[in-house]
Structure formats: structure tokens, C-alpha cells
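Asks: Supplied in C-alpha cells, the structure appears directly below.
The values are calculated or read from the model by the stated rules, or taken from the named source; none is laboratory data. Everything numeric in this text was worked out from a predicted model, so none of it was measured. Cβ coordinates were reconstructed from backbone atoms using ideal geometry, including for glycine residues, and neighbour counts include every protein chain displayed.
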Amino acid sequence: MCQEDQAAKAEKRRRRKQKWQTRGRIVLLLMSCTYYGVFLRIVWTGYLTWIGIAVGTIFLAPNILIPAIGLAGNRTWEKRLGRAFGCLAIATLVVLGALVFWPERPGPWKPYSFDAEIAALEASRAVPDQDNAALRYDTALASVDVNDRPDLGDGDADLLRELTRRPWRAADQPEASAWLDSHATILDELLQIGRMEKCRWPVNADFDPKGPMPYRKLGYSAQLLALAGNRHLGEDRFEEALQTSFCLLRSADHMRQQPSTMDFLVSFGCEGMARKMIRHILVRNPLSPSDIERITHRLPAATNTWKEDITRLLEFDEYRYAQFMAPIYEINEQGKIRFATCCPLFSKDNQDPKAPKGRLWQLYCYMNMPLDPQGVWPMARQESARIAHFLQSGPTARIPDDELLLEGPFFDLITRLLANAPRYAARHMFFDAYLYGSFGKHYATRLAQRRATWLLLGLRQYRDKHGVWPPSLDLISERIPPEMSDDPTSGSAFVYALDGDTFKLYSKGLNRIDEHGREGHNKATDRNEDDIAIWPPYVPEPQPETEAETQEARDEMMKQLAEIYGQRHVKDMLSEPNDE
């Protein structure tokens with residue numbers, strides 16, 4: 001009886017053990033399937049190398065196969081596979097440990113750089129020094145102080161900006177005029193530079209904010225030219241105004257000869273200032289046929305070269321991407337290449353190559369970076385092709401939400417960061433879908449403004465021949481290239497209507513809604529209007545403030561006065577009678 005009880009207890013313990021083993025297999029299988037799903041998602045990103053995929057498979061596959069075979073009841077193969085995968089895991093750990101603690105070859109190491117590729121790019125862009133306007137800019141702007149501004153009183157920055165957009169007279173703004181006259185030397189030099197066609201600054205592929213392009217000084221010089229040109233317009237010096245606008249157009253072309261999107265954006269600003277002056281000249285100034293001919297030859301072409309431009313910009317961003325990733329590698333005097341012992345993209349501190357922390361970073365790179373630095377270029381081209389695919393239909397192409405950094409799937413962001421954090425960072429620094437989409441909208445807007453300026457040229461030619469502005473844009477179709485009547489922002493024709501002895505010309509903008517030439521925030525309707533006013537220049541109407549807004553502004557002013565003078569002094573000041 002005792003033996004039977006012991007046998008029953010042993011059987012009960014065996015069944016309990018089997019039950020817990022089964023539960024353990026199920027839990028392990030479910031957890032492993034979850035982790036393996038994440039791993040497959042990481043593999044799907046394409047960020048892992050074959051080493052990373054192999055190591056991940058070695059450690060995750062047994063945790064699925066072994067419990068699955070155990071649940072199937074094949075205990076023999078469960079044990080055999082457990083031993084086999086255990087030995088394989090130990091061997092893998094031994095190899096990884098050897099890589100961590102194996103002594104490195106001594107000698108100085110320096111960050112790797114794609115200098116040869118950058119030098120080849122520079123050589124393809126080179127022009128003789130005597131023909132290079134960039135050298136003249138550097139000399140002319142060397143002593144320029146970008147903080148030197150005229151003292152125009154309260155709101156001087158807004159007033160100065162306004163004077164670069166409309167004609168003005170020295171008699172109305174004597175301080176601004178005197179300040180502008182003090183810069184006559186630099187203005188004369190800029191006009192001379194505006195006669196040069198070629199302009200090449202050294203490429204800035206190292207992601208250095210203090211690169212060779214003097215952006216602030218170039219913007220400052222463009223503002224000087226715009227101020228001078230609009231003063232010429234206001235004082236009826238038509239020829240000088242025309243020459244200044246031509247100089248600004250050439251400055252914009254100089255910027256477009258550079259390889260980055262930032263250069264294009266700077267060029268948009270220069271060209272916009274010139275177009276405003278040329279529009280005033282075309283509508284309000286007397287012009288001879290030779291003047292019309294000169295303007296025709298100097299206006300920038302308004303054909304849509306989006307595909308060519310975006311291809312060139314993306315190719316340069318491939319260089320920037322590769323140069324950014326290059327310091328992940330190091331090279332010594334003998335030409336031996338290895339992974340850096342720390343992440344140079346986020347930390348510039350040198351690290352002891354014998355430190356386990358540095359070796360662990362190297363192991364991380366083995367999992368997701370090619371062993372040869374040249375393998376970075378296919379990564380760059382892959383990211384470039386991804387953006388090109390979305391933008392190939394045109395500058396206003398819609399970018400899918402899942403490609404945007406802040407609107408894409410959170411799980412995708414996490415898996416890419418786990419797979420290769422530097423690569424994911426580089427992707428959104430140089431091939432950010434949102435930034436390229438925004439650039440496309442700016443591009444389309446500037447293209448629309450170019451085409452509308454060509455329409456103004458055709459309208460002026462019609463008026464010179466018939467004495468009146470045409471009743472319809474169809475009557476000038478023979479005077480302008482056919483594509484000029486197509487608005488690249490709205491996808492339809494420009495809006496044109498006679499208004500007494502003048503006219504209105506504008507684009508419906510990117511929202512494709514006719515808002516009668518208005519742009520900016522409209523408080524009355526509480527919506528943003530984005531029409532692109534060509535003629536007449538749009539001047540926002542003053543928006544009436546509500547009583548609540550007026551009271552809020554008054555309270556804010558009182559708060560500032562109290563902080564300066566004290567609450568009691570402000571109350572006493574308000575209680576005093578006004579002598580006036």
C-alpha cells in the first residue's frame with residue numbers, strides 16, 4: 001500500500017512537472033514569437049547586415065523551435081536541439097567576447113572621410129578664378145557688418161523690410177536714404193559682380209554650419225540692392241532701377257548654381273525682390289521696344305525644370321549623407337580601416353579602444369553597417385531614391401503620412417532606431433520627406449510668380465500696341481511661351497480681370513480657392529488665405545480688433561509698465577489728469 005501511495009505521489013509530481021513545463025513552453029513560445037515579430041520588422045527595415053541577421057536568428061530561433069517541438073511531444077529532439085543551439089550560442093558569445101577584448105593594433109587612427117569623392121565633385125564644378133563671382137563676393141563682403149542698420153525709430157526692422165518691397169523717396173525717408181548712400185561703394189561692387197555669370201563656392205558636405213557660403217552677408221547685400229532699386233523707382237530713375245533688378249536676378253542665379261536646397265531658398269528671396277521691381281517697371285514706367293527686349297532676355301526662364309533640379313539636389317544630399325556617416329569608420333597610416341570606438345556622430349570625445357564600452361559600439365556597427373565604408377553609398381542612394389519616388393510627379397506632390405518623422409508609425413520609428421540609430425538620424429537630416437515636401441511648395445510658388453511676371457510682360461506688350469490692357473489673357477497667348485499661362489500651384493489658369501484703367505492678376509495658390517488675391521490670416525473668417533498677388537501688390541487690410549483683444553493688449557501693456565516702474569507708480573500716473 002505504501003509503494004502504491006509513493007507511486008501515485010510520484011505520478012502526481014510528474015504530471016505537475018509536465019504541466020508547468022507545458023506552461024513554460026507556451027509562455028516562452030509566445031514571448032519568442034513577439035520578440036521575433038519585432039526582429040522581423042527590424043530586418044524588414046533593411047538596416048541590418050547579414051551579421052546582424054545571423055546573430056539575431058541564432059539567439060531567437062531556438063526559443064521558437066525548441067518549445068514548439070516540446071509541445072509536439074518530441075522530447076528527444078527537444079533535448080538535442082537545446083544542446084545544439086546552446087553550443088552555438090556559447091560559440092557566438094565567445095566570438096563576440098573575443099571581438100570585445102581582442103587587443104587592437106597600436107597606432108594613430110583618424111576618422112574616415114570621403115575626401116576623394118568630394119574632390120571629384122569639386123573638380124566637376126570648377127571654373128577659373130577670374131570668372132568666379134564667389135571670389136569677388138568674398139572680397140567685397142569681407143568687411144560688411146550685417147548688424148549695421150539705419151536708425152528708423154520704432155518698428156525700424158518692419159519699415160526697413162517694407163522699403164525693400166515698394167518704391168520710396170529719399171525726401172520721405174531721409175535717414176534710410178543717408179544710410180544707403182554710406183554704402184555706395186559696396187553697391188557699386190555688387191553691380192559689377194552682377195555682370196559675372198559663373199559662381200562656385202566650395203561645397204559644404206561636412207554638415208558644418210560655418211561653411212564657405214556667407215549666407216547672412218549675401219542676404220544683407222540683397223537687401224541693400226533692393227533698397228537702392230526701390231529708391232530708384234520712387235524717384236523715377238528707371239534705368240538704374242532696371243540695372244539693380246538685373247543684378248538681383250543674377251545674384252539669384254549665382255545661388256542656384258550651388259548644390260543644396262538652402263542655396264535655392266536663398267535664390268528665391270533675391271529673385272522675389274527683383275521681380276517686384278520689374279513688375280512696377282512693366283506696369284507704371286515708360287518703356288521702349290529695346291527696354292522690353294532687355295527685360296525679355298534677363299527674366300529667368302519659367303519652364304518647369306523640377307525633375308532636373310530635384311535630381312541635382314538629391315545627388316548632393318547623397319554626398320552629405322555619406323560624409324556624415326563616414327566617421328563611423330577610422331583609418332590609420334597603413335590604410336587599415338575599422339569601426340570607430342565610439343559614436344562620432346553624437347560625441348566627439350576620443351575613447352580608449354581597449355574599453356569594453358567602445359568595443360560594444362563596434363559590435364553594434366558590425367550588426368548594421370557594411371564592413372567597407374564604400375557600402376555607405378548604396379545606403380545614401382536608397383534614401384535618395386525613396387524621396388525621388390514621392391516627388392517625381394511634381395513639386396506639389398503629396399508625401400504619404402507614414403514617411404513623415406512626426407506623423408509616421410511610432411513602431412516604425414522605434415524599430416529603425418534599434419536597428420541603426422545613426423542611419424535613421426542621417427535619413428531625417430538629409431532626406432527628410434517633410435522638408436523636401438515644403439521645399440516643393442516653395443518651388444511651385446516661385447515658379448508661379450515667374451510665370452505671372454512673363455504674363456505681365458505680355459500684357460505690357462499688348463498695351464503698347466493697342467493703348468489699353470487686354471480684356472482677357474487669351475489675347476496675349478501669342479506673345480508668351482505656351483506654358484506661362486499654367487499656374488503650377490493651383491493647376492489651373494491665373495486669375496485676370498480688368499479694374500478700371502488697371503487690372504488684377506493673381507494665382508489661387510496651393511489651396512486652389514479664389515480668395516480675390518488675398519494672402520495671410522483673415523481674422524474675419526479665421527482662416528489662412530494663400531492667393532499669390534501679382535498685380536497690384538497685395539497690402540493687408542488692418543484687421544479690427546475685438547474688445548477682448550483690445551483689453552488683453554491693454555492688460556499686457558500695464559503689466560510691462562508695472563514691472564518697470566512698479567505697481568504703485570503706474571496707478572499714480574494713471575490717476576493724474578491729462579493737461580492736453
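Asks: I'm checking my understanding of the structure. Among residues of segment 423-436 that are surrounded by 21 or more Cβ atoms within 10 Å (Cβ to Cβ) and assigned to a helix (DSSP H, G or I), which one is nearest to the chain's Cα centre (by Cα)?
Replies: Once the filter is applied, the top-ranked residue is Y436.
Asks: Could I ask something else about it? Within segment 146-158, does at least one residue satisfy the condition of being crowded, with 17+ Cβ neighbours inside 10 Å, farther than 30 Å from L287 by Cβ and small (G, A, S)?
Replies: Looking for residues that are crowded, with 17+ Cβ neighbours inside 10 Å, farther than 30 Å from L287 by Cβ and small (G, A, S), one finds none in segment 146-158, hence no.
Asks: While we're on this one: Are there any pairs, at least 6 apart or on different chains, whose C-beta atoms fall under 6 Å, with the first in segment 415-434 and without any contact (Cβ under 8 Å) to a residue 12 or more places away in the chain and outside the structural domain of V43 (by TED's automatic domain parsing) and the second surrounded by fewer than 21 Cβ atoms within 10 Å (Cβ to Cβ) and assigned to a helix (DSSP H, G or I), and if so, which?
Replies: L417/Y424
Asks: Sticking with this one: Looking only at residues that are touching a residue at least 12 places away in the same chain (Cβ under 8 Å) and either hydroxyl-bearing (S, T, Y) or not in a helix (DSSP H, G or I) (or both) in segment 452-467, which one is surrounded by the most Cβ atoms within 10 Å (Cβ to Cβ)?
Replies: T453
Asks: Hey, another quick one. What's the number of the only condition in (1) β-branched (V, I, T); (2) more than 16 Å from Y538 (Cβ to Cβ); (3) in contact (Cβ under 8 Å) with a residue 40 or more places away in the chain that I476 fails to meet?
Replies: Answer for I476: the failing condition is (3).
Asks: Let me ask something additional. Run A116 past the list (1) surrounded by 10 or more Cβ atoms within 10 Å (Cβ to Cβ); (2) at pLDDT 90 or above and report the number of the one that doesn't hold.
Replies: (1)
Asks: Shifting gears a bit: Quickly run through segment 144-165 and pick out the residues that are within 30 Å of the chain's Cα centre (by Cα) and assigned to a loop (DSSP other than H, G, I, E, B).
Replies: Across segment 144-165, the qualifying residues are V144, D145, V146, N147, D148, R149, T164, R165.
Asks: Continuing with the same structure: Within the group T185, T244, T261, which residue is crowded, with 18+ Cβ neighbours inside 10 Å and over 24 Å from P536 (Cβ atoms)?
Replies: The match here is T261.
Asks: Restricting to segment 229-241, give me the number of residues that are part of a helix (DSSP H, G or I) and either without any contact (Cβ under 8 Å) to a residue 40 or more places away in the chain or surrounded by fewer than 23 Cβ atoms within 10 Å (Cβ to Cβ) (or both).
Replies: Residues that pass the stated criteria total 5.
Asks: Can I118 be described as touching a Leu at 6+ places or on another chain (Cβ under 8 Å), at negative phi and in a helix (DSSP H, G or I)?
Replies: No; evaluated as a whole, the condition is false for this residue.
Asks: Out of (1) crowded, with 17+ Cβ neighbours inside 10 Å; (2) of a type in the set (K, R); (3) closer than 15 Å to E239 by Cα, what's the single condition that is false for R284?
Replies: The single condition R284 does not satisfy is (1).
Asks: Now for a separate question. Give the number of residues within segment 216-264 that are touching a Lys or Arg at 6+ places or on another chain (Cβ under 7 Å), of a type in the set (A, V, I, L, M, F, W, C) and within 21 Å of R279 (Cα to Cα).
Replies: The number of residues fulfilling the criteria is 2.
Asks: Let me ask something else about it. Within segment 199-228, work out how many residues are over 18 Å from the mean Cα position of the chain (by Cα), assigned to a loop (DSSP other than H, G, I, E, B) and buried (at least 16 other Cβ atoms within 10 Å of the Cβ).
Replies: Of the residues in that region, 4 qualify.
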